[in-house]
Amino acid sequence: MPQRALITGISGFIGGHLAEHLLASGDAVLGCTSRGAWRRDSPAAVAQRVELAAFDIARDDGLAADARRAIERFRPTCIYHLAALSVPQDCGEAEPSPAATAVNVDGTRRVLELAAGLPSRPRLLFVSSSHVYAPVLPAASRVAETAPLGPDRGYGRSKLAAENVVRRAGCDYGADAVIVRAFQNAGPRMDARLMLSQWSRQFLAGGSRPVEVYTRDAHIDLSDVRDVVRAYRLVAECGRAGEIYNVGSGTSRTSGAIFDLLRRLAGPGRAVVETRPGFKQGPIADISRLAARTGWAPAIPIEQTVADTWAWWQAQGLAAGD
Ligand SMILES: NC(=O)c1ccc[n+]([C@@H]2O[C@H](COP(=O)([O-])OP(=O)(O)OC[C@H]3O[C@@H](n4cnc5c(N)ncnc54)[C@H](OP(=O)(O)O)[C@@H]3O)[C@@H](O)[C@H]2O)c1
């Protein structure tokens, strides 16, 4: 059934892909960003078709009356709450920084309050993260939604606190909310500081310096963002209220294997150096709950994700030294 979707964080990496997917599915879309403005790399086709409302979720007075009226007039049936400080380095080391608390935790509460006050009573889909899980051991790296929680850094702690805000709203006043725990995403327009982007930029900068990778032996779950947003729409449509769904590839890959896919395309002759060598085990998603509820399965091969991300960085025309 077509949705009327409000997307917070629409100007971000995942927000742009989600908007593209929803529009292609025949949904109506309204977007929110902190200042009601697109970013330079937001997809033009989305920016042309989608209106924006300014909503700074970090502030109590962040939603002006005219923006609230625009949202009320739009009558959303679903709010995809993506807006966040999304890069762990920005969120504080052991504890969430004040900014991470303001955006990720208090901001989530403000979005829930908005939802509760709208006559259309939209469902809320909150995008959390695999960073809420406790560190895993190699033998127990596959995590279901019931796995022990125990984030050890500010970002994961802020996401877990936000999950608790969502859960409480469900208990206190019956908010219709579902939570997705996303594992790492990759694809065109991803943040310049994340792994595949970092490597692509080093290849593009050229020269004879070796490409630096932290370690080739990190075991991670990496999904194509276009698969991920497809899962979000399905969860919004048929996820059970109050339930949590892992969204990941369900496949463990090493950073070295992913790097080799990129190197084949970008510079087979280029030397590599590991700056933080050694084994590292990340959580790998058990996606059986999501698959059982929605029928979703990842469809885009990792080779395609790497190729499309590389092509996107190439198209940015990075100058040497950037
Ligand atoms: N990328 C991943 O691999 C990944 C994995 C797991 C979970 N997630 C989660 O998925 C969501 C989207 O991630 P992303 O990679 O698309 O993030 P992103 O590219 O950093 O985009 C963040 C979005 O949040 C908005 N935002 C930030 N501060 C705001 C504020 N004070 N008020 C209103 N909007 C604000 C930004 O809008 P402005 O243009 O106004 O700044 C932007 O649209 C996040 O919740 C993230 O934690 C991401």
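Restricting to the chain, what percent of DSSP beta bridges are antiparallel, rounded to 5?
Numbers: 3 of 40 bridges.
For the chain, the DSSP antiparallel bridge percentage is about 10.
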With a point put 7 Å past each Cα toward its Cβ, work out how far residue 201 is from residue 134 in nm, to one decimal. 3.6
Net charge (Lys, Arg +1; Asp, Glu -1) of residues whose beta-carbon lies under 11 Å from that of residue 119, residue 119 excluded, is +2
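Suppose we keep just the DSSP beta bridges with both residues in segment 97-254; what percent of those would be antiparallel, to 5? Intermediate results must be reported in sequence, preceding the final value.
Values: 3 of 16 bridges.
Just about 20 percent of them are antiparallel.
Can you sort 87, 111, 178 so the residue with the fewest Cβ neighbours within 10 Å comes first?
On the way: 87 12, 111 26, 178 23.
Ordered from fewest to most neighbouring Cβ atoms within 10 Å, 87, 111, 178 come out as 87, 178, 111.
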Compute the acute angle (0 to 90°) between the alpha-carbon long axis of helix 154-173 and the principal axis of greatest extent of the alpha-carbon atoms of the chain; round to the nearest 10°. 20
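To make sure I understand, if each residue's beta carbon is the centre and we count other beta carbons within 10 Å, what order do 214, 245, 80 fall in, fewest to most? Before the final figure, lay out the partial values.
Numbers: 214 15, 245 26, 80 32.
Sorted ascending by nearby Cβ count, the order is 214, 245, 80.
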Taking a crude spin-label model, label points 7 Å out from Cα along the C-beta direction, the residue 212 to residue 153 distance in nm is 1.6
What dipole magnitude, in Debye to the nearest 20, does segment 224-306 give about its Cα centre under +1 on Lys/Arg Cβ and -1 on Asp/Glu Cβ? 100
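Relative contact order for the chain: what is it in percent, counting Cα pairs under 8 Å that are at least 6 residues apart? Please report the intermediate quantities before stating the final value.
Numbers: 646 pairs, mean separation 55.6, N = 322.
Relative contact order comes out at 17 percent.
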Between the helical axis of 255-266 and the dominant principal axis of the chain, each derived from Cα atoms, what acute angle in degrees is found, rounded to the nearest 10? 70
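Specify whether the C-alpha gyration tensor of segment 27-127 places it in the rounded, prolate or oblate class, a ≥ b ≥ c being the square roots of the eigenvalues: rounded for a/c under 1.5, otherwise prolate if a/b is larger than b/c and oblate if not. Before the final figure, lay out the partial values.
Numbers: a/c = 1.90, a/b = 1.33, b/c = 1.42.
It is oblate, given that a/c is not under 1.5 and a/b is not larger than b/c.
Most exposed first by the Cβ proxy, i.e. fewest other Cβ within 10 Å, how do 13, 203 rank?
Details: 13 23, 203 18.
Fewest-to-most Cβ neighbours within 10 Å comes out as 203, 13.
Counting helices only, and only those DSSP H runs with n ≥ 4, report the 222 nm mean residue ellipticity of the chain as the sum of -39,500 (n - 2.57) divided by its residues, in deg cm²/dmol to the nearest 500. Walk me through the intermediate numbers first.
Details: 10 runs with 117 residues, N = 322.
Computed mean residue ellipticity for the chain: -11000 deg cm²/dmol.
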What is the distance in Å between the Cα centres of segment 99-171 and segment 213-248? 14
Cα long-axis angle, helix 65-74 against the chain (0 to 90 degrees, to the nearest 10): 90
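Every number in this text was worked out from the coordinates using simple rules, so none of it is lab data. Bear in mind the structure is a predicted one, so any value in this text is a computation, not a measurement. Please note: Cβ atoms are built from the backbone with ideal geometry, for glycine as well, and neighbour counts cover all protein chains shown.
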